[in-house]
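Here the structure comes first, spelled out in structure tokens, and everything after it is commentary.
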């Protein structure tokens, strides 16, 4: 039982994050539907028609919709459909953590040394995740039920329960695959890459299948199997065989993963390559960047920086690929037109300025939070002690960290701006390059603000700082998104840190607010330097 | 050397964590070129002292200087003079050993690749491998390379041989001896008494946050402490033995009496005068026994 409790404890952060996102989406979307869909049958029919057009543009992200003129259909498509990818990501992180991450940290070795059998250990991890997932899925579907009731169009609990059974099957299947992938590699990073990569391929098969492609092999994708369930819509039901297939797949992969874990050596992959006889090296690395301040920090982060520099421009290009159709469709929908006008999104440029740049600053703040997490890890894992025992001042350590953060942010922002400009030209959207450059450059103020806050907090409470910054980012994003949607007073939206960034691409540049953003970063940096100078290291 | 500042000097150096944890009122002076062993049981305050000297911890009271520079105020200048092995292994994940060395050498500046290569060869360390693939001993070797690579005038080493096999422990002792021959001062925290005997000129023993004794090995061994064993033909004169100054831990078994005698032997001989003694042994305790007596608190302080 102790082992099971430990397994529950190890999975709590991911479960809380997934649960919060799931519950927020499941409550917010029914309320949004009540606001936007209209009340008369004619308004509903028009809304459903326009949303169907929109949905065809969004099959990359969401399943095909059914019955969009109803609250149940909207929940299935917009609320629960959006959670497929998010929950799958959570499952990959949890599966790779259980299968490899805790082994990297030495926890597995410790537990096995206490006389716990490998089979019992892995069974406890799987059972704990199954229990956690059941709770998260139940709460999410319950939140959807509450949301639909608040929207005065309640969805039957039995239908929500059936949807939950299908969703649970999908998440468990993804977890089992990630757990199996973790047996084939030696690091958690490798497990995430392999498991996440495999699931991405399976997801893309489901995406292709949404437009009637991949007919001969779409059944291999758990996402496609899940997409075939429509228990919420009128006349729809749970697809028994396909849902059973999800659970059977989960069972097979967990069984194989467990057997692999029992068979393999700790710290080694299931299939080990024979060691190669290589010439030992006794010289330091020739990489010149490692010896140059700031560039050394960036050099150490080169793989993750490369990933950020690839993913954000790819997202920008993807966003532009559907911007024209999306804006046209939404403007043609009376209720959405009201929303767009209220949010100042009446044309392509303002849509890109608000929606894309709103997303960009959120992603950049996540980049800054990830760096803050790295600073906390430097401290906890003893690297800071090694650095601080060299002839470098503590002030330099903080300044170098922040400089590397801004330099990395600048590389990402520049690549994203280029992708945006090229994408706009390709989709024949007239976008002011100068404004894009300005908006992109000013986005660095958000990176600086989050970096400064991170530097200020990480010396005192490393883990708490990361969690608080994450909460600030998520709350700020939703405040900005939901305030115009629900007609909240302007000061509510202004509570968001992102409100200080404003909309420099399609609106006026609010220099005082941007100055405040830079001021937050500067004050945070000064506090960060003072904290670093005052604190003990390596206690 | 007489005009040169000491390599390390502390004055009432204190780090108080509360609940009697930390180091209290440490006064110690270590001359240039000395190899100083710092001993004590776990939790005695050895690592805290070392981190205070390195400027990683801020003292609650008192000061520490290295070559006349304040450990806290002149921390950067101090660290130019110091090579450091921490007591706990850092984690460098997937970095290669060569990358770690290059990065730290870059922070320090002016490090010779030839010295790094020579150290790695002597310690039989392949820098091409990833840190996470290193054994415990190889991680320790990497830390030794980082400490010795810039040929510092002072080495501060917190249990530097942990995880090293006997062969590479010998290499480490050679490195320390060579460094000493070049005038380097070494401050070495250790649990390994043979290590202290091998390389240290002077030893300080710390217990429960306080320095209990400092001296050369010869002084410590030469402290007038003897283990005494006397076998009497008749009943031992316990009353007279009990009044002998410095005779402690008396243990009587039939006609055999054992104990520890601190100080002069003459009062003991006077006490047993007139008794028929069958056998008498007096021997110096081993270095280990001396350390254990200080560790366990049975030895006098000062």
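Any chance you could give the angle, 0 to 90 degrees and rounded to 10, that helix B:136-148 forms with the longest Cα principal axis of chain B?
Once rounded, the angle reads 70 degrees.
When all C-alpha to C-alpha distances in the range A:53-151 are sorted into bins of 10 Å, what percent of pairs does each bin hold, rounded to whole numbers?
13, 32, 25, 17, 11, 3
Calculated from DSSP H runs of 4 or more alone, at -39500 (n - 2.57) each and per residue, what is the 222 nm mean residue ellipticity of the protein assembly as shown, nearest 500?
-18500 deg cm²/dmol
Any idea what angle helix B:97-108 forms with the longest principal axis of chain B, computed on alpha-carbon atoms, 0 to 90 degrees, nearest 10?
Approximately 90 degrees, to the nearest ten.
With 40 Å as the cut-off, how large is the P(r) tail for the protein assembly as shown, expressed as percent of Cα-Cα pairs?
51
Report the relative contact order of chain B, percent, no decimals, based on alpha-carbon pairs under 8 angstrom and at least 6 residues apart.
RCO, chain B: 19 percent.
Output the Kirkwood hydrodynamic radius of the range B:155-256, Cα pairs only, in Å rounded to one decimal.
The Cα-based Kirkwood calculation yields 17.3 Å.
Taking only the alpha carbons of the range A:382-423, what extent do you get along each of the three principal axes, in Å, biggest first?
48, 18, 10
Calculate how large, on average over all directions, the projected area of the Cα convex hull of the range A:2-263 is; give the answer in nm² to one decimal.
Mean projected area of the Cα convex hull: 13.7 nm².
Based only on other Cβ atoms within 10 Å, what is the fewest-to-most ordering of A:367, A:203?
A:203, A:367
With bins 10 Å wide starting at 0, give me the P(r) of the range A:290-534 over every alpha carbon pair, in whole percents.
P(r) for the range A:290-534, in whole percents per bin: 7, 30, 33, 19, 8, 2, 0.
Working from Cα positions, state the angle (0 to 90°, nearest 10) between the long axis of helix B:113-122 and the longest principal axis of chain B.
40
For chain B, what is one quarter of the convex hull surface built on the Cα atoms, given in nm²?
Projected over every direction and averaged, the Cα hull of chain B covers 19.3 nm².
Rg and Dmax of the range B:223-295 over Cα atoms: what are they, in angstrom?
12.2, 38
What ratio of Cα Rg to 2.2 N^0.38 Å holds for the range B:1-102?
Taking the Cα Rg and dividing by 2.2 N^0.38 Å, one obtains 1.19.
Would you mind pulling out the separation of the Cα centroids of the range A:471-539 and the range B:96-174, in Å?
Using only Cα atoms, the two centres lie 44 Å from each other.
Simple spin-label model, 7 Å along Cα-to-Cβ: residue A:471 to residue B:240 in nm?
Going from the residue A:471 label point to the residue B:240 one covers 8.0 nm.
So how do A:219, A:111 line up by other beta-carbon neighbours within 10 Å, fewest first?
Values: A:219 15, A:111 19.
With the sparsest Cβ surroundings first, the list reads A:219, A:111.
Work out the FRET efficiency for residue A:276 and residue A:60 from their Cβ-Cβ distance, taking R0 = 35 Å, and round it to the nearest 0.05.
Step by step, r from the Cβ atoms, then E = 0.25.
Would you mind giving the average projected area, over all directions, of the Cα convex hull of the range A:1-103 in nm² with one decimal?
Averaged projected hull area, Cα only: 7.9 nm².
When the Cα centres of the range A:395-428 and the range A:264-295 are compared, how far apart do they sit, in Å?
29
Please tell me the relative contact order of chain A in percent, rounded to the nearest whole number, where contacts are Cα pairs under 8 Å and at least six residues apart.
14
Express as a percent, rounded to the nearest 5, the fraction of DSSP beta bridges in the protein assembly as shown (both residues included) that run antiparallel.
Approximately 70 percent, going by the DSSP bridge assignments.
Among A:491, A:375, A:460, rank each residue by its count of other Cβ atoms within 10 Å, from fewest to most, as a rough exposure measure.
Final ranking by Cβ density, sparse to dense: A:491, A:460, A:375.
Could you check the spin-label model distance between residue A:157 and residue A:302? Points 7 Å from the Cα along Cα→Cβ, value in nm.
Between residue A:157 and residue A:302, the label points sit 5.8 nm apart.
What's the whole-number percent of alpha carbon pairs in the range A:233-312 lying beyond 19 angstrom?
So the portion of pairs separated by more than 19 Å is 73 percent.
Any read-out appearing in this document is the output of simple, stated calculations on the displayed coordinates, not a laboratory observation. Computed from a prediction, not measured in an experiment: that's the story for all the values here. Note that each Cβ is placed from the backbone with ideal geometry, even for glycine, and that neighbours are counted across all protein chains shown.
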